[in-house]
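For reference, the structure discussed in these notes is given below.
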Ligand SMILES: [Fe+2]
């Protein structure tokens with residue numbers, strides 16, 4: 001086709017997929033081309049705006065390395081991560097809901113014993129978290145593995161702080177034969193997503209705040225069950241309604257109760273007063289493809 005026009009250009013580009021052998025790749029690319037072209041037509045993108053977009057995407061890529069994933073952050077703040085998550089994890093049946101993985105997951109967190117300390121000396125409000133891992137039929141899931149991570153009281157994850165000397169505020173814990181788990185940590189606090197890069201600039205330009213409500217991250221796995229990638233949010237947090245990455249679900253909001261009892265604190269190995277939270281993770285028997293959990297480092301590996 002030599003007479004390419006505004007009207008027929010999209011079809012011409014899609015037609016060049018004719019020799020593509022992978023049908024799924026072909027489907028995705030054809031749709032991507034049609035949607036990007038439709039977007040350009042709808043907003044009548046100027047050349048200056050197009051170049052701004054190129055500069056933005058370039059800066060986003062330049063901000064990425066093994067510890068920082070600006071593209072995951074971009075996907076998160078545009079709601080794309082949550083949409084992909086929703087489409088891929090239509091669980092129902094009382095199973096624990098997923099939420100966004102976020103850009104700060106790191107493989108290889110240290111294992112702690114059931115009841116152990118994830119905070120290991122970090123300042124913060126002493127907190128005791130306990131609960132069970134159950135199947136959707138109500139039976140305990142013995143030996144489920146909980147992979148957990150959180151920010152410190154200033155809102156930073158270890159990978160954002162230069163001299164933490166290894167994995168901090170991260171732990172793996174194996175639930176007991178009855179699916180029970182418990183651990184000590186510090187109460188999570190609300191924090192801003194990184195604002196010193198292009199995603200921070202675009203949030204500001206959209207008139208949005210960068211805050212995430214306080215949460216603990218969990219990946220719960222057990223043989224024969226769907227992996228759950230989720231958070232537990234702190235009830236009462238002022239940002240629950242406006243999470244910068246749209247990750248909050250009512251079923252994941254948990255009361256972190258203040259407990260002033262010296263005796264109760266002693267029992268769990270914490271000073272009083274402390275916060276306590278409990279949750280039952282409910283896993284669905286695995287039916288389909290398991291979620292492959294990736295980290296910023298995985299994305300930087302080419
Ligand atoms: Fe987080």
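The distance between label points at residue 57 and residue 41 comes to 2.0 nm (points 7 Å beyond Cα on the Cα→Cβ vector).
Across the chain, Cα pairs under 8 Å and at least six residues apart give a relative contact order of 22 percent. Using a Gaussian network model of the chain whose springs link C-alpha atoms within less than 10 Å, name the residue from 263, 48, 276 with the highest mean-square fluctuation. Sorting by GNM fluctuation, first place goes to 48. The value of relative contact order for the range 1-115, using C-alpha pairs under 8 Å at least six residues apart, is 15 percent. A Förster radius of 35 Å, combined with the Cβ-Cβ distance separating residue 297 from residue 235, puts the computed FRET efficiency at roughly 0.60. Note on residue 139/residue 83: beta-carbon distance plugged into 1/(1 + (r/R0)^6) with R0 of 41 Å gives a FRET efficiency of 0.80. Extension gain, residue 286-residue 19: 0.36 nm per intervening residue step, less the Cα-Cα distance, totals 92.5 nm.
Counting only DSSP H runs of at least 4 residues, each contributing -39500 (n - 2.57), and dividing by the residue count of the chain, the helix-based mean residue ellipticity at 222 nm comes to -8000 deg cm²/dmol.
On a per residue basis, the convex hull of the C-alpha atoms belonging to the chain measures out at 162 Å³. Here the range 97-144 and the range 24-92 have alpha carbon centers that stand 31 Å from each other. With respect to the chain, whose longest principal axis is taken over its alpha-carbon atoms, helix 23-43 is tilted by about 70°. Hey, what did the range 87-238 get for relative contact order, percent, Cα under 8 Å, at least 6 apart? Computed value for the range 87-238: 29 percent relative contact order.
Within the listed set 35, 89, 215, the residue fluctuating most in the Gaussian network model of the chain (springs between alpha-carbon atoms under 10 angstrom) is 35.
Which angle between 0 and 90 degrees, to the nearest 10, do you get for helix 47-62 versus the longest principal axis of the chain when only C-alpha atoms count? Its long axis makes an angle of about 40 degrees. Modelled label positions at residue 34 and residue 209, each set 7 Å beyond Cα in the direction of Cβ, lie 4.1 nm from each other.
In a fully extended conformation the segment linking residue 122 and residue 255 would gain 45.7 nm over its present Cα-Cα distance, using 0.36 nm per residue. Applying Stokes-Einstein at 20 °C and 1.002 mPa s to the Kirkwood radius of the range 68-151, computed over alpha-carbon pairs, gives a translational diffusion coefficient of 135 µm² s⁻¹. Compare 23, 213, 188 in a GNM of the chain, Cα atoms joined below 10 Å, and give the one with the largest fluctuation. Residue with maximal mean-square fluctuation among 23, 213, 188: 23.
We did not get these values from a lab; they are worked out from the coordinates using the rules stated. This one's a predicted model, so the numbers in the text were calculated from it and none came from an experiment. No Cβ is skipped: glycine too gets one built from the backbone with ideal geometry, and neighbour counts run over all protein chains shown.
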